[in-house]
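Worksheet: one structure, shown below.
The values are calculated or read from the model by the stated rules, or taken from the named source; none is laboratory data. Since the structure is predicted, the reported quantities are computational estimates derived from the model, not experimental observations. Because the Cβ atoms are built from the backbone with ideal geometry, glycine has one as well, and the counts that use them run over all protein chains shown. To get the accessible areas, we keep the full protein, side chains included, count just its heavy atoms, and leave off ligands, DNA and RNA. Shrake-Rupley method; radii C 1.70, N 1.55, O 1.52, S 1.80 Å.
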Amino acid sequence: MNTIAVLGAGKIGEVMLSGLLRAGWPVGRLIATARRPERGRELAERYGVRVLSNEAALAEADVFAIAVKPQDAGTLMAELGPKVPAGKLVISLCAGLPTAFFAKYLPQGTPVVRVMTNTPALVDEAMTAISAGEHATAAHLALAEELFTPLGRTLRVPESQQDAVTALSGSGPAYFYYLVEAMTDAGILLGLPRQVAHDLIVQTAIGSAVMLRESGEHPVKLREAVTSPAGTTISAIRELENHRVRAALLAALEAARDRAQEIAADAR
Ligand SMILES: NC(=O)c1ccc[n+]([C@@H]2O[C@H](COP(=O)([O-])OP(=O)(O)OC[C@H]3O[C@@H](n4cnc5c(N)ncnc54)[C@H](OP(=O)(O)O)[C@@H]3O)[C@@H](O)[C@H]2O)c1
């Protein structure tokens, strides 16, 4: 069994560590690194994982998951990249950064897999998209899947689609939280107590998501079942169309995709 080192275990690195532990990954096979000693102590206390320096982690682990912010990846890779031992796998969780960015710092032939997961990994409901870099084989992709499948669903995509994935499912939870927040406000406008509005919309979101997943139906069909002629729902839909909510979503995701590309350009 491989030893996994999460380099830069912040929010998403912690999500990965906790998910692997829930899935039964032996704690002795997990290593975390942190920039601040207090963050390291927090991780060691919370999960019992070994917290090492980046350099020490290099000597111990077989797989390196890079979980620093994209703007910190260059510094980390300049320090560690050339020292990564031959045959080890590098998995990047960084938004925007292509596998070629990491390859620049790594010994020739080091396999790199690019992964975009999301925060519902905390409840084992992540959506993780996995792409192979130049030297990553089917076995490396399978290993990445082994690490992320316990956290939710995984999907293989060509690396060229990863910026779109980042915009859609990487940032996706934020859009749903935004929607829930706005709909809770709408409930308050209609006279409901905040907690009641919150409970109503959270359960409605869960129910709708489960129906989408379990029925496999097209969302239009599911929506039509709630949209009776001259009824209440179509009055609301008309307002959503008047306010160009669909166009706003198209523009919003395009902006997120463009930002991922800017991040990559800045990191070079
Ligand atoms: N959050 C999300 O929803 C999400 C989703 C998908 C992908 N991602 C990707 O995941 C990556 C991390 O995001 P995040 O939200 O988890 O950020 P974060 O909470 O800031 O985590 C990054 C961690 O790396 C540490 N760090 C930075 N440089 C380091 C170094 N040289 N050595 C060791 N540790 C170092 C940081 O330390 P300090 O605490 O000192 O800053 C921080 O604890 C990003 O590239 C992001 O694109 C995030």
Legend entry - Qualifying position, being among the acidic types (Asp, Glu), more than 16 Å from the ligand (Cβ to nearest atom), in a helix (DSSP H, G or I) and within 26 Å of Ala95 (Cα to Cα), among Glu181, Glu239, Glu214: Glu181
Legend entry - Selection within the range 1-36 - within 16 Å of the ligand (Cβ to nearest atom), closer than 15 Å to Phe148 by Cα and not in a strand (DSSP E or B): Ile12, Gly13, Glu14, Val15, Met16, Leu17, Ser18, Gly19, Leu20
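Please determine, by comparing only the residues of the range 242-257 that are part of a helix (DSSP H, G or I) and open to solvent by 60 Å² or more (accessible area, probe 1.4 Å), which one is farthest from Val220 (Cα to Cα).
Result: Arg257.
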Legend entry - Odd one out for Arg39 among (1) assigned to a helix (DSSP H, G or I); (2) away from the ligand (no atom under 14 Å from the Cβ); (3) of a type outside the set (Ser, Thr, Tyr); (4) over 24 Å from Ala267 (Cα atoms): (2)
Legend entry - Candidate set from the range 42-52 (those that are closer than 22 Å to Pro120 by Cα and within 11 Å of the ligand (Cβ to nearest atom)); member that is nearest to the chain's Cα centre (by Cα): Leu43
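Can you tell me how many residues within the range 227-239 are among the polar types (S, T, N, Q) and surrounded by fewer than 11 Cβ atoms within 10 Å (Cβ to Cβ)?
Residues in the range 227-239 being among the polar types (S, T, N, Q) and surrounded by fewer than 11 Cβ atoms within 10 Å (Cβ to Cβ): 3 in total.
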Inset, instruction - Could you tell me whether any residue of the range 173-181 is surrounded by 12 or more Cβ atoms within 10 Å (Cβ to Cβ), free of Cβ contacts under 8 Å to residues at least 12 places away in the same chain and of a type in the set (Phe, Trp, Tyr)? - result: yes
Inset, instruction - Kindly provide the set of residues from the range 199-226 that are open to solvent by less than 80 Å² (accessible area, probe 1.4 Å) and in contact (Cβ under 8 Å) with a residue 12 or more places away in the chain, ordered by number. - result: Ile201, Val202, Ala205, Ser208, Leu222
Legend entry - Evaluation of Asp266 against (1) modelled with pLDDT under 95; (2) under 24 Å from Glu125 (Cα atoms) (one fails), failing number: (2)
Inset, instruction - Give me the pairs, please: first residue somewhere in the range 18-37 and more than 28 Å from Glu79 (Cα to Cα), second residue anywhere and modelled with pLDDT of 95 or more and open to solvent by 60 Å² or more (accessible area, probe 1.4 Å), beta-carbon distance under 8 Å, and either six or more positions apart or on two chains. - result: Leu21/Val27
